[in-house]
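Everything below concerns the one structure shown next.
The values are calculated or read from the model by the stated rules, or taken from the named source; none is laboratory data. None of these values were measured; they are calculated from a predicted model. Backbone-built Cβ (ideal geometry, glycine too); neighbour counts: all protein chains shown. Note: accessible area is taken over every heavy atom of the protein model, side chains too, but ligands, DNA and RNA are not part of it. Shrake-Rupley method; radii C 1.70, N 1.55, O 1.52, S 1.80 Å.
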Amino acid sequence: MSAESTLTQLRRSLATIREPKGSRDIIAAGVLVDISLSPQGVAKATLATADPAILEAARRALESAPGVARAVIVSTKSSGHDNPLGLAKTPQIAAAAATLKAVRHVVAVASGKGGVGKSTVAANLAVALARRDLAVGVLDADIYGPSLPTLFGLNEKARLSDGKIVPAEAFGVKAMSIGLLVDEGKALAWRGPMVMGALRQLMADVDWGALDILLVDTPPGTGDAHLSLVQSKRLTGAIVVSTPQEMALADVRRGIELFRQTGVPLLGIVENMAFLDIGGTRHYLFGQGGAERAAADAGAPFLGALPIYPDLREACDAGKPLTARDPRSPAAQAFSELAGKVASALGF
Ligand code: ADP
């Protein structure tokens, strides 16, 4: 069945749901904002209602439609989950976009799976961009497993000023993470809408000020945080980090597909832990050239290969990115080159 007729069929399933008071169905009433179906059978519907009965009915209707393995329902309206951090206001997505008005480019750093070094790349890239005299922020969007506090050695909770969260500043970069706002473990119980609410707050309620680039270190995979970001309509583009193995690349292709389907330009693919240099000889432990091929397949630029640098890991664990601690090291040089490519892709 063609993609078009599958989506028509999904719309028809949703048209069986009626508005609570009105006589119209939710399609006729214009409640459906967007619908998509991934090749893996994940149907995503965005609905302009906060009515839990309608949201639940939509999920059930989609999950019983042929070809749908799982349905993800996103509400554009306030549902009471918009303020998990308990601040005074409850910003909506539009408000998030407005607050980031002084941020020129919001760039997602994503990966298909965890452990490929995405957060390490995001943190060091941010420092390398700041060393080029750009005003840079990093938003750690991993609500369940924040790593920015460790990477940047941030131990103190963020403070509020005039109802806004004041971002931390380290190594010339503004930084914010759920780990600087709530106690470890608290956010673990949060599910979809709470996670999305927290993310909106990390964008809208943080006083980011004027920035050239806000890098968003997204959680591994493709989930609520990604949808939330895409919905904010503020992404200039995405950078995808991968390791060379075929296993990792399969996930990368899924990540690329999410950005493609949602119209977010791919700024490029970075291959991390590409090889180990021993005495000038490169050992390709996980295979060679895989990420470059994935980039070519996706029609996206290949932004370069970062070797395995034991110093990089050690610096991360010590809370001081190598790019800041030892800017002349080969690892820092590699990040400087990467920063150059990213900056020029953004027109700096
Ligand atoms: P992710 O964000 O993808 O889950 P992390 O950035 O947390 O991954 O990295 C996972 C581990 O790998 C960390 O211990 C990090 O220090 C280490 N690491 C990442 N990139 C490199 C690299 N190029 N060389 C050596 N260690 C690395």
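Do the conditions hold for Pro66, that is, is it part of a loop (DSSP other than H, G, I, E, B) and in contact with an Asp or Glu (Cβ under 9 Å, 6 or more places away or on another chain)? No. Of Lys164, Lys174, all but one fail to be more than 16 Å from the ligand (Cβ to nearest atom), in contact with a strand residue (DSSP E or B) (Cβ under 6 Å, 6 or more places away or on another chain) and open to solvent by 30 Å² or more (accessible area, probe 1.4 Å); the exception is Lys174.
Got at least one residue in region 257-267 being within 15 Å of the ligand (Cβ to nearest atom), charged (D, E, K, R) and surrounded by fewer than 17 Cβ atoms within 10 Å (Cβ to Cβ)?
No, that holds for no residue.
Each residue in region 231-251 was checked for being open to solvent by less than 30 Å² (accessible area, probe 1.4 Å) and under 22 Å from Tyr309 (Cα atoms), and 8 of them qualify. Test Asp205 against the criterion of being farther than 25 Å from Thr76 by Cβ, in contact (Cβ under 8 Å) with a residue 60 or more places away in the chain, open to solvent by less than 40 Å² (accessible area, probe 1.4 Å) and among the charged types (D, E, K, R), and give yes or no. So Asp205 does not fit the description; no. Filtered by the rule that a residue be at pLDDT below 95 and of a type in the set (A, V, I, L, M), region 113-141 gives Val116, Ala141.
In the set (1) within 10 Å of the ligand (Cβ to nearest atom); (2) closer than 14 Å to Ala324 by Cα, the condition left unmet by Ala126 is number (1). Filter region 138-161 down to residues that are more than 12 Å from the ligand (Cβ to nearest atom), open to solvent by less than 30 Å² (accessible area, probe 1.4 Å) and not in a loop (DSSP other than H, G, I, E, B), then give me how many there are. Residues in region 138-161 being more than 12 Å from the ligand (Cβ to nearest atom), open to solvent by less than 30 Å² (accessible area, probe 1.4 Å) and not in a loop (DSSP other than H, G, I, E, B): 3 in total.
In region 291-304, the qualifying residues are those that are within 21 Å of the chain's Cα centre (by Cα) and without any contact (Cβ under 8 Å) to a residue 40 or more places away in the chain, and the one that is farthest from the ligand (Cβ to nearest atom) is Gly299.
When residues of region 314-329 are filtered for being within 11 Å of the ligand (Cβ to nearest atom) and surrounded by 15 or more Cβ atoms within 10 Å (Cβ to Cβ), how many remain?
The initial filter retains those residues of region 314-329 that are within 11 Å of the ligand (Cβ to nearest atom), namely 314-318, 321-322.
Of the ones still in play, those that are also surrounded by 15 or more Cβ atoms within 10 Å (Cβ to Cβ) are 315-316, 321-322.
Number satisfying all stated conditions: 4.
Scoring Leu285 on the criteria (1) touching a Pro at 6+ places or on another chain (Cβ under 9 Å); (2) open to solvent by 10 Å² or more (accessible area, probe 1.4 Å); (3) touching a residue at least 24 places away in the same chain (Cβ under 8 Å) leaves a single failure, condition (3). For region 42-60, a residue qualifies if it is open to solvent by less than 40 Å² (accessible area, probe 1.4 Å), small (Gly, Ala, Ser) and modelled with pLDDT under 85, and the qualifying residues are Ala48, Ala50. Among all positions in region 89-96, there is no residue which is of a type outside the set (Ser, Thr, Tyr) and either at pLDDT 70 or above or at positive phi (or both).
One residue alone among Ile35, Ile27 is surrounded by 13 or more Cβ atoms within 10 Å (Cβ to Cβ) and closer than 29 Å to Arg253 by Cβ, and that residue is Ile35.
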